[in-house]
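Taking it in order: structure first as structure tokens, then the write-up.
What follows draws every value from the coordinates through simple rules; no lab data is involved. Quantities reported herein were computed from a predicted structural model and do not represent experimental measurements. A quick note on method: Cβ atoms are made from the backbone with ideal geometry, for glycine too, and the neighbour counts reach across all protein chains shown.
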Amino acid sequence: MKKIILIILILLLILFAGAQFFQPEKNEGERNIETDLFQTAIVNDPIKALFTASCYDCHSNSTNYPWYSKVSPVSWYLFDHVKVGKEALNFSEWGTYTDSEKISQLVDIGETVSDGEMPLKSFLIIHKEAKLSEEEIQKIVNWTEQEGMRIMEGNQ
Ligand code: HEC
């Protein structure tokens, strides 16, 4: 019996080691490119810091990878979140959104943050600093309203 357990453990170890050769493509584009939110909207430093710490890892072309996120299968789990997250909202491409897309994203940002849906819970387990306080949530909501107004006023 002991022997079987040992063989299974060794097989698992080999499988784990082998899995390291299969890594998803990394999301490591440049930060702060021309079309980035920070270049194309009015964002003050405190809000920039909140978005950078709590959202940019999944909603931009540039993820800050901690070491363990480079280990399979964690890397695949993360890859999937970034891929789906970027499809929903990509701050690196903010400048390419139309005004109505921006406004609808701003509304969604306010809602998902207020409801505690974003940042994703699984992210907060390892990124404690990304958790938003009530005050920070309010700051983000206020910002989405200001930015939305600014866009609408620009169109009058
Ligand atoms: C760990 C990755 C991750 C982090 C961090 C994260 N998101 Fe998301 N986000 C996702 C994924 C995946 C989706 C798409 C699936 C979903 O709606 O759950 C998404 C969807 C969204 C959407 C679209 C929701 C909709 O209804 O379509 C908005 C808006 C959003 N996120 C805003 C944010 C904001 C703002 C932050 C930071 C405060 C943030 N997210 C942090 C992964 C993340």
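So if I place +1 on the C-beta of Lys and Arg and -1 on the C-beta of Asp and Glu, and nothing else carries charge, what would the dipole magnitude of the range 1-44 be about its Cα centre? I want it in debye, nearest 20.
Value, rounded to 20: 620 debye.
Under the rule that an exposed site lies in a DSSP loop and has at most 15 other Cβ atoms within 10 Å, name the longest stretch of the chain with no chymotrypsin sites (Phe, Trp or Tyr not before Pro) of that kind, not counting the sites themselves.
In short, 23-156.
Please state the charge dipole magnitude for the chain, taken about the Cα centre, from unit charges on C-beta atoms (+1 on K and R, -1 on D and E), reported in debye and rounded to the nearest 20.
Here the size comes out at about 1180 debye.
Residue 40: net charge of surrounding residues, Cβ under 10 Å, Lys/Arg +1, Asp/Glu -1, itself excluded?
-2
Springs between alpha-carbon atoms under 10 Å, Gaussian network over the chain: tell me which of 17, 88, 41 tops the mean-square fluctuations.
17
Under the rule of -39500 (n - 2.57) per DSSP H run of 4 or more residues, summed and divided by the residues of the chain, what mean residue ellipticity at 222 nm is obtained, to the nearest 500 deg cm²/dmol?
The per-residue figure over the chain is -18000 deg cm²/dmol.
In sequence order, what are the phi-derived ³J(HN,Hα) couplings for the range 51-58 according to the Karplus relation 6.51 cos²θ - 1.76 cosθ + 1.60 with θ = phi - 60°, rounded to whole Hz, with x for glycine and proline?
For the range 51-58, the Karplus-derived couplings read 5, 5, 6, 9, 10, 5, 4, 10 Hz, x marking Gly and Pro.
Quick one: what are the phi-derived ³J(HN,Hα) couplings along the range 83-90, Karplus 6.51/-1.76/1.60 with θ = phi - 60°, whole Hz, x for glycine and proline?
Rounded to whole hertz, the list is 4, 5, x, 5, 5, 6, 7, 10.
Of 14, 37, 64, which is farthest along the charge dipole of the chain in the positive direction, counting Lys and Arg as +1 and Asp and Glu as -1 at C-beta?
Final value for the positive-end residue is 14.
Give me the extension gain from residue 153 to residue 100: residue separation times 0.36 nm, minus the current Cα-Cα distance, reported in nm with one decimal.
Taking 0.36 nm per residue and subtracting the Cα distance, the gain is 17.8 nm.
Only sites in a loop by DSSP and with at most 12 other Cβ atoms within 10 Å count here; which GluC sites (Glu not before Pro) in the range 76-156 make the cut?
Answer by residue number: 117.
Give the cross-link partners of residue 83 among the lysines, using a straight C-alpha distance below 19 Å as the criterion and excluding same-chain residues fewer than 8 apart.
26, 70, 121
Could you go through the range 10-24 in sequence order and give the Karplus-derived ³J(HN,Hα) for each residue, using 6.51 cos²θ - 1.76 cosθ + 1.60 with θ = phi - 60°, rounded to whole Hz, and x for Gly and Pro?
The phi angles translate into 5, 4, 4, 5, 5, 4, 4, 5, x, 5, 5, 6, 9, 10, x Hz.
Tell me which residues come under 5 Å, amide H to amide H, from residue 62 once H is placed; ignore anything under 5 positions away on its chain.
Answer set, sorted by chain and number: 29.
Once R0 is set to 22 Å, what does the formula 1/(1 + (r/R0)^6) return for the Cβ-Cβ distance between residue 128 and residue 64, expressed as a FRET efficiency to the nearest 0.05?
The computed FRET efficiency comes out at 0.90.
In a Debye calculation with equal point scatterers on the alpha-carbon sites of the chain and no solvent, what is log10 I(q)/I(0) at q = 0.19 Å⁻¹?
With one equal scatterer per Cα and no solvent, log10 I(q)/I(0) is -1.20.
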